[in-house]
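The values are calculated or read from the model by the stated rules, or taken from the named source; none is laboratory data. Note that the coordinates shown come from a computational prediction; the quantities given were computed from them, not determined experimentally. With ideal geometry, Cβ positions are generated from the backbone for all residues, glycine too; neighbour counts draw on all protein chains shown.
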Amino acid sequence: MEMGKPEQSDLAQAYLEACRLDVEAFKPGNVSIYSQGHGMTVEDFLVSAQASVEPLTDPSLSLGERIYYAVEATKDRVGCNTNLGIVLLTAPLMAAVQCLGEGEVRTRLHRILQTTTVQDAEWVYRAIRLANPGGLGHAEAEDVNKKPTVTLLKAMELAKQWDRIAYNYTSDYKDVFQLAIPGYHIGVYQWADERWAAVYVFVRLLREIPDSHVERKFGKRYASMISAKCAHLEDLLQRAVNPERVLPQLKEADAAFKAAGINPGTTADLTVATVLAVRLEQLLTPGNSRDGPGQGRVAGDVVP
């Protein structure tokens, strides 16, 4: 491995592990091994990860091309939008660690985001139209149904008020690096189990930040209810020596969310990006093993 530039196979493994953890962690309202929902299955998400991994980690592709071809491959395999948000958030992270230069993941990510092009925007617009996410609607400026006239970063600037993925593009992934990753490390330290660290990240994010996927569908109708339930879950987890004891409350929240049609998909996407960013930082650190002390159990160990 070239110093500071992981092999494509290592990036692929990191991505697949993060996507598997996404369905092995009990995140209320989302599809998981604990609870299906929203017309999608765990297998849909695992197949989507396998389909999208090659273009996402292909160093010969531009950022926009990675996103489009990952979404196209997913659509061909599962026929629905399972991972648009995941692809949008993970593609810049992959490009960041594959670019020349020094620095930690967020430093490299900043360089990638600042150098996006109009062509990147065009590829991403095509990907969004292909995925056809719920609540897409139309925008007055730089509508994805039209040809873009600005860079991808500028397009995200225009959308950041109502889309949390766009906001993270414009803030160098502030939610991931300043809120979610510290929460991940708290969880791993407390329970030595990545699955529960991911659950903690999810409820921490959803307590603090309204899910933009939910708000596109329902507006602010459920915002206070969701935040209150996640604050309660966060408190229970913080005090739990054994997080399995919080399963009844997680099941109750999951049932309540799904009964109302609530799918906090953007928060789930941010959780995947968080786990991936941690792994990529470890890959960039010479001599650091992802299986070292304190990592805890990883995706693949769990039984429903």
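Exactly one condition in (1) outside any helix (DSSP H, G or I); (2) within 20 Å of PRO133 (Cβ to Cβ); (3) modelled with pLDDT of 95 or more is false for LEU206; which is it?
(1)
Does at least one position in the range 57-66 carry a residue that is closer than 24 Å to PHE257 by Cα, among the acidic types (Asp, Glu) and either crowded, with 17+ Cβ neighbours inside 10 Å or within 16 Å of the chain's Cα centre (by Cα) (or both)?
Scanning the range 57-66, I find no residue that is closer than 24 Å to PHE257 by Cα, among the acidic types (Asp, Glu) and either crowded, with 17+ Cβ neighbours inside 10 Å or within 16 Å of the chain's Cα centre (by Cα) (or both), so the answer is no.
Residue by residue, here is whether (1) within 21 Å of ASP163 (Cβ to Cβ); (2) crowded, with 24+ Cβ neighbours inside 10 Å; (3) in contact with a Ser or Thr (Cβ under 9 Å, 6 or more places away or on another chain) holds:
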position: ASN242; (1), (2), (3): no, no, no
position: LEU247; (1), (2), (3): no, no, no
position: LYS251; (1), (2), (3): no, no, yes
position: ASP254; (1), (2), (3): no, no, yes
position: ALA259; (1), (2), (3): no, no, no
position: PRO264; (1), (2), (3): yes, yes, no
position: ALA268; (1), (2), (3): yes, yes, no
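Whether any residue in the range 280-292 is under 17 Å from TYR34 (Cβ atoms) and either hydrophobic (A, V, I, L, M, F, W, C) or modelled with pLDDT under 95 (or both) is what I want to check.
No, the range 280-292 contains no residue that is under 17 Å from TYR34 (Cβ atoms) and either hydrophobic (A, V, I, L, M, F, W, C) or modelled with pLDDT under 95 (or both).
Considering only residues that are within 15 Å of the chain's Cα centre (by Cα), more than 15 Å from ASN263 (Cα to Cα) and either surrounded by fewer than 19 Cβ atoms within 10 Å (Cβ to Cβ) or among the acidic types (Asp, Glu) (or both), which ones fall in the range 17-40?
Answer for the range 17-40, where residues must be within 15 Å of the chain's Cα centre (by Cα), more than 15 Å from ASN263 (Cα to Cα) and either surrounded by fewer than 19 Cβ atoms within 10 Å (Cβ to Cβ) or among the acidic types (Asp, Glu) (or both): GLU17, GLU24.
Could you look through the range 48-62, keep only residues that are free of Cβ contacts under 8 Å to residues at least 40 places away in the same chain and in a helix (DSSP H, G or I), and pick out the one that is farthest from VAL124 (Cα to Cα)?
GLN50
Please determine, by comparing only the residues of the range 175-203 that are acidic (Asp, Glu) and part of a helix (DSSP H, G or I), which one is surrounded by the most Cβ atoms within 10 Å (Cβ to Cβ).
Filtering first and then ranking leaves GLU194.
Would you point out which residue out of ASP143, ASP172 is acidic (Asp, Glu), at pLDDT 95 or above and not in a helix (DSSP H, G or I)?
ASP172
Please list, ordered by first then second residue, the pairs with beta carbon atoms under 7 Å, 6 or more apart or interchain, first in the range 76-95 and free of Cβ contacts under 8 Å to residues at least 60 places away in the same chain, second not in a helix (DSSP H, G or I) and not aliphatic (A, V, I, L, M).
Partner pairs satisfying both residue conditions: ASN81/ASN132; ASN81/PRO133; LEU84/PRO133.
Could you check the range 151-160 and list, in sequence order, the residues that are touching a Phe, Trp or Tyr at 6+ places or on another chain (Cβ under 8 Å) and in a loop (DSSP other than H, G, I, E, B)?
Once the filter is applied, which keeps residues that are touching a Phe, Trp or Tyr at 6+ places or on another chain (Cβ under 8 Å) and in a loop (DSSP other than H, G, I, E, B), the range 151-160 yields only LYS160.
Within the range 1-16, take every residue that is of a type in the set (Gly, Ala, Ser) and at pLDDT 95 or above and give me the one that is surrounded by the most Cβ atoms within 10 Å (Cβ to Cβ).
Per the criteria, the residue is ALA14.
Residue-wise test of (1) of a type in the set (A, V, I, L, M, F, W, C); (2) over 23 Å from ASP172 (Cβ atoms); (3) not in a helix (DSSP H, G or I).
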position	(1), (2), (3)
LEU46	yes, yes, no
GLY64	no, no, no
TYR69	no, yes, no
ARG77	no, yes, no
VAL87	yes, no, no
PRO92	no, no, no
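Scan the range 94-138 for residues that are in a loop (DSSP other than H, G, I, E, B) and of a type in the set (D, E, K, R) and jot them down.
GLU102, GLU104
Scanning for something touching a Phe, Trp or Tyr at 6+ places or on another chain (Cβ under 6 Å), buried (at least 23 other Cβ atoms within 10 Å of the Cβ) and in contact (Cβ under 8 Å) with a residue 60 or more places away in the chain, does the range 125-144 turn up at least one residue?
Within the range 125-144 (the criterion being touching a Phe, Trp or Tyr at 6+ places or on another chain (Cβ under 6 Å), buried (at least 23 other Cβ atoms within 10 Å of the Cβ) and in contact (Cβ under 8 Å) with a residue 60 or more places away in the chain), the answer is yes, since at least one residue qualifies.
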